[in-house]
Amino acid sequence: MTRISTFLFSLLLGTTLAATGCNAREPGKQTVSTATALGQPANPRVLIETSKGNITVELFPGNAPKSVANFLANVKSGFYDGTVYHRVIPGFMIQGGGMLPDMTEKPRGTPIQNEASNGLKNLRGTLAMARTGEPHSATSQFFINVADNYFLNHRGESFEGWGYAVFGQVLSGMEVVDAIVAVPRGDRGMHQDVPLEPVIMKKVSVVQ
């Protein structure tokens, strides 16, 4: 498996009941501010044009500077254009940013430091860096939470407790995210939960 690893899927299966209980509550709210400091530029915004519609996201460089810088570098280089959301799981997330429609993986960049200790929670509509079981292995792939996935949050600097770094939030187009996570899916070789019809990021660009 790539990026969101076998470790995470084991964790997901082992915490299904607990996560369901969390998601049944009122939607969670961040307890850490994502506002920019006085006199600083506004948070960057990125438009993700997909084959299912458009998603606009706000990034939080003050909270996750390495993750945001990495994501923006991929956006500006055109790395994400033509990639797909290659794993979609209802009640969990949609993941993309590294695979082509034929499920070929694009060359990975240099892994970045895990910033999950920034206090931001994996709530519905947040963007987080995908990774393997190694905490500091995120490169280009990211996911959008479609539920409040509390079990992905940082719990400590142990191998199992690092969590997944939130670095942004959907501003508009959450209905598109919900449409993507609802598409029919199946297996493609070693990959599971793959949309049967590719959901393509046609163009990803900075709009602010």
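The values are calculated or read from the model by the stated rules, or taken from the named source; none is laboratory data. Source: prediction; values computed, not measured. Using ideal geometry, Cβ is built from the backbone for each residue, glycine included, and neighbour counts are taken over all protein chains shown.
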Count of residues meeting criterion [touching a His at 6+ places or on another chain (Cβ under 7 Å) and aromatic (F, W, Y)] in region 65-117: 0
Criterion violated by A35 - all others in (1) at pLDDT 90 or above; (2) loosely packed, with under 12 Cβ neighbours inside 10 Å; (3) within 30 Å of L196 (Cα to Cα) satisfied: (3)
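A138 - would you say it is out of contact with any Asp or Glu (no Cβ under 6 Å at 6 or more places or on another chain) and exposed (fewer than 15 other Cβ atoms within 10 Å of the Cβ)?
When the stated conditions are applied, A138 does not pass them.
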Residue match in region 103-118 (condition: within 17 Å of R185 (Cα to Cα), modelled with pLDDT of 95 or more and either of a type outside the set (F, W, Y) or under 14 Å from the mean Cα position of the chain (by Cα) (or both)): yes
